[in-house]
Amino acid sequence: QVQVVESGGGSVQPGGSLRLSCAASGSNFRLYFMVWYRQAPGKRRELVATINSSGSTTYADSVKGLFTISRDNDKNTVYLQMNGLKPEDTAVYYCKVNWGYRDYWGQGTQVTVSS
């Protein structure tokens, strides 16, 4: 069983920045495939960014050039640096670990972008 905990959400004005963190348990963290998703009210959950064990990343078109996913294997943590935030980025952000043919989800952290 892998425990996943997100943190770092909050309220920010348009154009602002936030850094989300996702801490995951387990000695094999460096091998985990990590994904950030988000879900806005009334909308389906959407993939935001991924990072694999080699550090290769992918992004949704809507966040390319604005968001950066990274990992610190010594801290068992993945980060999502979000710059240039827009009101449409308002959502609950979830972290998912894919490991051993299973998915493990965190509880999510709320991000609100509003003036």
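Key figures
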| quantity | calculated |
| --- | --- |
| Condition check for ARG71: buried (at least 21 other Cβ atoms within 10 Å of the Cβ), of a type in the set (D, E, K, R), under 11 Å from the mean Cα position of the chain (by Cα) and farther than 17 Å from GLN3 by Cβ | no |
| 3 or more residues more than 14 Å from VAL111 (Cβ to Cβ): qualifying strands (runs of 3 or more DSSP E) within the range 1-75 | 33-39, 46-51, 57-59, 67-72 |
| Filter result for the condition that a residue is open to solvent by 70 Å² or more (accessible area, probe 1.4 Å) and either in a loop (DSSP other than H, G, I, E, B) or among the polar types (S, T, N, Q) (or both), over GLN107, GLN81 | GLN107 |
| Tally of residues being surrounded by 14 or more Cβ atoms within 10 Å (Cβ to Cβ) and either over 27 Å from SER115 (Cα atoms) or touching a Cys at 6+ places or on another chain (Cβ under 7 Å) (or both) across the range 1-22 | 5 |
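The values are calculated or read from the model by the stated rules, or taken from the named source; none is laboratory data. Everything quoted here is computed from the prediction, not taken from an experiment. Quick reminder, even Gly has a Cβ in these numbers, built from the backbone with ideal geometry, and neighbours come from all protein chains shown. SASA here: full protein model, heavy atoms, side chains in, ligands and nucleic acids out. Shrake-Rupley method; radii C 1.70, N 1.55, O 1.52, S 1.80 Å.
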